[in-house]
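Peer 1: Here it is: the structure, laid out below.
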Amino acid sequence: MSNNKLFLQTLNSQPSDKVPFWYMRQAGRYLPEYMERRKTAGSFLDLCYSPEFAVEVTLQPLRRYQMDAAILFSDILVVPQALGQHLEFRQGEGPVLTPVDTAEKLALLSMEGFHDHLAPVYETVKRLSTEIPETTTLIGFAGAPWTVATYMVQGHGSPDQAAARSMAFQQEDVFERLIDLLITATSEYLIRQIHQGAEVIQLFDTWAGNLPDDQFRKWAIEPVRRIIENIRAVDKDIPVIGFPRGAGCRYPEYISETGVSAVSIDTTMPLEYVRDNIQPLCPVQGNLDPLLLVAGGEALEKRVIEILDTLGNGPFIFNLGHGIVPQTPPENVARVSEIVKAYRKK
Ligand SMILES: Cc1c2[nH]c(c1CCC(=O)O)Cc1[nH]c(c(CCC(=O)O)c1C)Cc1[nH]c(c(CCC(=O)O)c1C)Cc1[nH]c(c(C)c1CCC(=O)O)C2
């Protein structure tokens with residue numbers, strides 16, 4: 001293992017006096033150089049399927065802020081697209097898919113052609129593994145099955161994920177087959193990323209928090225447990241960061257049941273609770289509010305220090321509690337990055 005990588009050291013709970021950092025959605029529309037690239041690349045999905053562009057936009061934030069980790073530039077919804085579901089990203093509207101809400105529509109999806117469709121993503125990972133700086137860790141990722149299913153069933157984003165939650169109650173057998181397909185597809189997708197050079201995997205479960213407790217176990221914990229089992233059968237040491245956003249007091253159960261190596265903590269989690277109840281279980285990552293990063297000023301600096309002082313003495317990766325938003329001033333990201341880089345554990 002390359003022990004000159006602070007990020008990997010921290011994930012392995014090895015002591016260090018510095019705190020590694022990166023930001024969810026660190027590549028994207030808040031950067032003028034991203035917008036410039038996007039103009040020539042065509043649509044957002046074209047950017048995801050062009051290794052040349054995807055490598056370039058992955059590297060853009062690193063040049064500005066020297067994060068400890070680079071995350072593959074892609075999207076969680078390339079998986080349903082590779083399974084045969086129609087997907088577009090409409091300007092100002094986000095993702096639009098043809099809903100998969102019946103057994104008949106589910107039967108149209110398959111693993112045939114799956115890896116061919118995703119070949120450009122694998123190529124991007126391969127190129128990144130040699131192009132990122134030596135001390136930077138490469139993160140591969142996928143959406144967790146529950147969150148991906150919420151978009152697949154509803155056909156677009158929604159505040160309450162009602163279509164998927166209803167389907168899980170009303171057509172449980174069909175919904176379970178959809179989740180099983182996603183477990184297989186996601187495991188294979190991540191194994192390929194690992195083979196091409198991804199050193200850490202993050203599983204994004206953005207909508208996990210909306211599930212009642214028994215459903216949380218069934219659709220957020222169990223699928224992630226199975227994916228981790230599958231990928232560790234191939235690479236027994238691969239670190240996996242879980243992000244069950246909104247899990248609240250269910251974080252400890254999520255950690256012990258899924259086998260994640262670390263968790264990403266959303267903005268709502270109280271720092272002292274995390275320090276006392278979660279950090280003893282595994283390294284944590286988080287949890288600055290992306291909207292405070294937009295607001296900037298003294299309140300931002302104060303909160304960054306508060307997070308570092310509370311969590312910095314255990315294994316900790318500085319990050320946001322959710323992704324960077326497009327209106328974020330790049331100079332605020334620069335300021336926070338400087339504070340974290342200069343910080344030393346006491
Ligand atoms: C739910 C989800 C999606 N995608 C993702 C999630 C889980 C994390 C989260 O909750 O933010 C994850 C994601 N999406 C993107 C990345 C790339 C890596 C990174 O820099 O973090 C990652 C890790 C790029 C993206 N994914 C998207 C963009 C913006 C596309 C553009 O350039 O117009 C980027 C850079 C689009 C996207 N993709 C998705 C939505 C709902 C949208 C539209 C909303 C929006 O526009 O921000 C699905």
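The values are calculated or read from the model by the stated rules, or taken from the named source; none is laboratory data. Because the structure is predicted, anything quoted here is derived from the model rather than measured. Counting neighbours? That spans all protein chains shown, and the Cβs are built from the backbone with ideal geometry, glycine included. These area figures cover heavy atoms from the full protein model, side chains too; ligands, DNA and RNA do not enter into them. Shrake-Rupley method; radii C 1.70, N 1.55, O 1.52, S 1.80 Å.
Peer 1: Please identify every one of the GluC sites (Glu not before Pro) in the stretch 1-108 that sits in a loop by DSSP and has no more than 14 other beta carbons within 10 Å of its own beta carbon.
Peer 2: Listed in order of number, the matching sites are 93.
Peer 1: Please work out how much length the chain gains when fully extended from residue 110 to residue 298, using 0.36 nm per residue of separation minus the C-alpha to C-alpha distance, in nm with one decimal.
Peer 2: The span from residue 110 to residue 298 would gain 62.5 nm if fully extended.
Peer 1: Could you name the aspartates and glutamates whose alpha carbon sits less than 16 Å from that of residue 105, not counting residues in the same chain fewer than 8 places away?
Peer 2: 172, 173, 176, 180
Peer 1: Could you give the angle, 0 to 90 degrees to the nearest 10, between helix 114-131's Cα long axis and the longest principal axis of the Cα atoms of the chain?
Peer 2: 10 degrees
Peer 1: List the lysines whose Cα lies under 30 Å from the Cα of residue 302, skipping any in the same chain that are fewer than 8 positions away.
Peer 2: 5, 18, 341, 345, 346
Peer 1: Then there is this: Can you pull out the trypsin sites (Lys or Arg not before Pro) in the stretch 212-244 whose DSSP state is coil and whose Cβ has at most 12 other Cβ atoms within 10 Å?
Peer 2: Passing both the DSSP loop test and the Cβ count: 236.
Peer 1: Based on DSSP H runs of at least 4 residues, each adding -39500 (n - 2.57), what is the mean residue ellipticity at 222 nm of the chain after dividing by all its residues, to the nearest 500 deg cm²/dmol?
Peer 2: -14000 deg cm²/dmol
Peer 1: Quote the FRET efficiency, to the nearest 0.05, computed for residue 135 versus residue 213 with a Förster distance R0 of 35 Å and r equal to the Cβ-Cβ distance.
Peer 2: For residue 135 and residue 213, the calculated efficiency is 0.25.
Peer 1: In whole percent, what relative contact order does the stretch 6-342 give with Cα contacts below 8 Å and a gap of six or more residues? Walk me through the intermediate numbers first.
Peer 2: On the way: 584 pairs, mean separation 68.0, N = 337.
Computed value for the stretch 6-342: 20 percent relative contact order.
Peer 1: Listed highest first by mean packing, meaning other Cβ atoms within 10 Å per residue, what order do 331-343, 242-254 come in? Before the final figure, lay out the partial values.
Peer 2: Numbers: 331-343: 16.6, 242-254: 20.8.
Packing proxy ranking, top to bottom: 242-254, 331-343.
Peer 1: When DSSP assigns beta bridges and you keep just the ones with both residues in the chain, what percent turn out antiparallel, to the nearest 5? Walk me through the intermediate numbers first.
Peer 2: Values: 4 of 27 bridges.
So the antiparallel bridges in the chain amount to around 15 percent.
Peer 1: Quick one: pull the percent of accessible area on the chain belonging to carbon and sulfur, 1.4 Å probe, ligands and nucleic acids left out.
Peer 2: 50 percent
Peer 1: Shifting gears a bit: So how far apart, in nm, are the two label points at residue 16 and residue 344 if each is 7 Å from Cα heading toward Cβ?
Peer 2: For the pair residue 16/residue 344, the computed spacing is 1.6 nm.
Peer 1: Can you list, bin by bin at 10 Å, the percent of alpha carbon pairs in the chain, starting at 0?
Peer 2: That works out to 5, 26, 36, 25, 6, 0, in percent per bin.
Peer 1: For the stretch 28-138, report the translational diffusion coefficient in µm²/s to the nearest whole number, using Stokes-Einstein at 20 °C, 1.002 mPa s, and a Kirkwood Rh over Cα pairs.
Peer 2: Translational diffusion coefficient: 140 µm²/s.
Peer 1: Given a 1.4 angstrom probe, what's the average accessible area per residue across the stretch 6-342, in square angstrom? Working shown, then result.
Peer 2: Working: 13270 Å² over 337 residues.
For the stretch 6-342, the per-residue accessible area is 39 Å².
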